[in-house]
Amino acid sequence: MTASKRKEAYRIYIYLGALFITSLVVSNLIFQKFFFWKPFGDVTIFGASLFEISVGILPYPITFLITDLISEIFGRRKANQIVTTGIF
């Protein structure tokens, strides 16, 4: 691998890591906000007419995708580095 390709791969790794940490922080900051949804209008099904879901679940799947991409492209060690960095 040439030096320019290695530098480009490292840049992609940094961008993916930054996106992972941003998604993780955002999902933890907005987890107490709730989204109410009435999919069937005023019709009740099993006594419930609406879903109450935390908004924090929306950016969380991005963290899984990024971890999976890093693991496939850069290996398990680099993926573990990103996850550990995100925890701290």
(Q) Take residue 70 and tell me if it is aliphatic (A, V, I, L, M) and either in contact with a Lys or Arg (Cβ under 7 Å, 6 or more places away or on another chain) or modelled with pLDDT under 90 (or both). (A) yes
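Answer with yes or no whether residue 27 is surrounded by 11 or more Cβ atoms within 10 Å (Cβ to Cβ), in a helix (DSSP H, G or I), touching a helix residue (DSSP H, G or I) at 6+ places or on another chain (Cβ under 9 Å) and modelled with pLDDT under 90.
Taking the combined requirement at face value, the residue satisfies it.
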Q) For residues in the stretch 57-67 being exposed (fewer than 13 other Cβ atoms within 10 Å of the Cβ) and not β-branched (Val, Ile, Thr), which is modelled with the highest pLDDT? A) 64
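The values are calculated or read from the model by the stated rules, or taken from the named source; none is laboratory data. All values derive from a computational prediction rather than experimental measurement. All Cβ positions, glycine included, derive from the backbone under ideal geometry; neighbour counts span all protein chains shown.
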